[in-house]
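Okay, structure first, notes after.
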Amino acid sequence: MDTTNHDRHSLFLLLSLITFLLVSTFVKEHHVLGDSILVLSLYVTLVAGTLELSQKRNLRLPAAFLAGISMLLMLVHFFRPVPMILVANWLFLAVFLGFVSVALFSYLGQPGSVTRGRIYGLVNLYLLLGLFYFALFNLIQTVQPGSFRETGLPASDGISRHSLLYLSLVTLTTLGYGDVLPVSHAARMVAVLEAVTGVLYIAITVARLVAAYASAVEK
């Protein structure tokens, strides 16, 4: 594997993830310009995730296929906001993010020194997990409206994508402020799984990195 290219792809993915988080914070929802910027930012993230796996031959085509389907569904929904298309969009986005997350997790366990690429990979994996559960939250909310509720707002107002992204990140980090709440059984179960993922992430990834480094030193 070309280490230099891999480090660049990892950095590109990290920057795209941070950009998406920032963009989703400031753009207005249900606004043509805001939605366009958000979709474009997510497109860049999908491309960056695909490039991250481009040097792994057995993962290259599946990643490109899932990213392509997800991008197509986002584009179709942008011009024709049909609920079924939105469901498929969140489903394929979640599958793609989960696929990339599993691939990155396996890479972190390979023998070798702790390079910049691996550090980028650690951060990327953590943020990707947050986006993965964000996509699942949106999928649940689309299939079963009212699965989430924001305190201080009427239930009839629904919940914004920003609030679901916020919920995903505070759940992953186990902060749990309690201002955005999962209400349905499915939403609560997925929120619990994300909290467990956040707790186990640190222990498992650090252990894998230490084991990989120790194996490389022994050789």
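Things to note:
- Segment 52-61: number of residues that are surrounded by 15 or more Cβ atoms within 10 Å (Cβ to Cβ) and assigned to a helix (DSSP H, G or I): 2
- Residue list for segment 139-154, restricted to those being of a type in the set (Val, Ile, Thr) and either surrounded by 14 or more Cβ atoms within 10 Å (Cβ to Cβ) or part of a helix (DSSP H, G or I) (or both): Ile140, Thr142, Val143
- From Gly34, Gly49, Gly68, residue being at pLDDT below 90 and either over 30 Å from Ile159 (Cβ atoms) or part of a helix (DSSP H, G or I) (or both): Gly34
- The set of residues in segment 50-105 being of a type in the set (Phe, Trp, Tyr) and farther than 23 Å from Thr197 by Cα consists of Phe65, Phe78, Phe79.
- The set of residues in segment 155-181 that are without any contact (Cβ under 8 Å) to a residue 12 or more places away in the chain and not in a helix (DSSP H, G or I) comprises Leu175, Tyr177.
- Residue in segment 120-133 that is free of Cβ contacts under 8 Å to residues at least 60 places away in the same chain, surrounded by fewer than 19 Cβ atoms within 10 Å (Cβ to Cβ) and within 25 Å of Leu22 (Cα to Cα) present: no
- Qualifying positions in segment 160-209 - touching a Leu at 6+ places or on another chain (Cβ under 7 Å), modelled with pLDDT of 95 or more and more than 15 Å from Leu127 (Cα to Cα): Val190
- Selection of first residues in segment 192-213 that are at negative phi and touching a residue at least 60 places away in the same chain (Cβ under 8 Å) and of second residues that are among the hydroxyl-bearing types (Ser, Thr, Tyr) and in a helix (DSSP H, G or I), restricted to Cβ pairs under 6 Å at least 6 apart or on distinct chains, gives the following pairs, ordered by first then second residue: Glu194/Tyr133; Glu194/Thr171.
The values are calculated or read from the model by the stated rules, or taken from the named source; none is laboratory data. As the structure is a prediction and not an experimental result, all values here were calculated from the model. Heads up, the Cβs are rebuilt from the backbone with ideal geometry, glycines too, and the neighbour counts pull from every protein chain shown.
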